[in-house]
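Each remark here refers to the structure printed beneath this line.
Read the figures in this text as sums done on the coordinates, not as results from a lab. Here the structure is a predicted model, which is why all the values come from computation and not from measurement. Methodologically, a virtual Cβ is constructed for each residue, glycine included, from the backbone with ideal geometry; neighbour enumeration extends over all protein chains shown.
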Amino acid sequence: MQRADESPGAGAAPSAHEGPAAAPGPSGGTDGLPGGAATRVLVVDDDPTVAEVVSGYLDRAGYLVDRAGDGPAALARAAAHRPDLVVLDLMLPGMDGLEVCRRLRAQGPVPVIMLTARGDEDDRILGLEVGADDYVTKPFSPRELVLRVESVLRRTRPVAAARPLRAAGLAVDPSARRATKDGTELALTLREFDLLAFFLRHPGRAFAREDLMREVWGWDFGDLSTVTVHVRRLRGKVEDDPARPQLIQTVWGVGYRFDGTAAADGSAGAGPSRSVSEGEVRS
C-alpha cells in the first residue's frame, strides 16, 4: 500500500516549506461540542507509518485521536468511544474499508473520509456508494487531510436558527440535521443531506456539477464523479422511481435542477425521458 509520506510535505514532522503543523482552526479541536469536549477522530490504517503521520497532524490540530490497524479493531474502538469522524483506509487486511464503513453506519451516523489509492476510480466510487462523505487519494498531504477533516466536521454541526425547508413532500431541518419524505425519516449521509438542503434552497435553478462541488463540498476543483454518485444515491432515497426522477432532474448539457413542484405521482414536470449514463452530464 502507498504511504502518506511518499508525497511532498508528509512525514512525522512538517517539512521546511510547509511551516508549522496546522493549529486548530475555528472548526476544529474543541469547537462546537458540548462542554468544550475534544473532537474525536478515529484513524484506521494498517500501515503504521501512515497512521502515525496522520494521527500526529490531527493531534497537533487539536483533535483527540484513536487508532486502529484493521476492521475489527476499528469497530471495537468505535463501540467503546464513538468517534465524531473516521479516517478510513479502503485497503485493509481481512475486512476491507467498505465493509467497515457499512458496519459503522449500521451503528449510527458518523462522517467517514476514505483513503484510496490514486487511480482506483471504481474503489473510490464504491466508497462513496456505501456512504463515505469524502475521499483522499494516496499519496496525499497530511495538511490537506486535516483541512478535509475540518470541512466535513464543520458541515455536521448544527446551523443556528436555520429555517426548515419544505417542497414536494420533502422536509429538511438544517438545525436538527433531519430530513423526511412524506413524514418518514430519510437515512442520509452528511453530503446527501447537504446536497438535498442546497437543492431545496434553490428550486427551479439548474446547477452544473462544478457549481454543486463548490457550493456543497466547498471544493474549487475535484473529481466530478463525486457529485454524480451523490446525486444518484440521493435520487434513490427521495424519488418514487429513481430511474425516472421527477424531483432531481437532469438538465442535459448543464447539470441538475430540483423541481419543487413535482407531483407525488410523478406526473408533473415529467417530460420526455431517455435512459442514458449520468456521465453524459456536461457543464
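Miscellaneous remarks
- Inter-probe distance in nm under a simple model that places probes 7 Å from Cα toward Cβ, at Val251 and Glu185: 3.4
- Taking the centroid of alpha carbons for each part, the range 140-213 and the range 64-106 are 24 Å apart.
- Rounded to two decimals, the Cα-based Rg/Rh of the range 209-249, with Kirkwood Rh, is 1.04.
- FRET efficiency estimate (nearest 0.05) - Cβ-Cβ, Ala76 to Thr49, R0 22 angstrom: 0.45
- Nitroxide proxy distance, nm - points 7 Å out along Cα→Cβ at His202 and Ser225: 2.4
- Contour minus Cα-Cα distance for Thr261 and Ala243 (0.36 nm per residue): 4.6 nm
- Estimated vicinal HN-Hα couplings, Hz - the range 197-207 in sequence order (Karplus 6.51, -1.76, 1.60; Gly, Pro = x): 4, 5, 4, 5, 6, 10, x, x, 9, 8, 10
- Sparse-neighbourhood loop sites, chymotrypsin sites (Phe, Trp or Tyr not before Pro) in the range 213-254 - DSSP loop, at most 12 other Cβ within 10 angstrom: Phe221, Trp252
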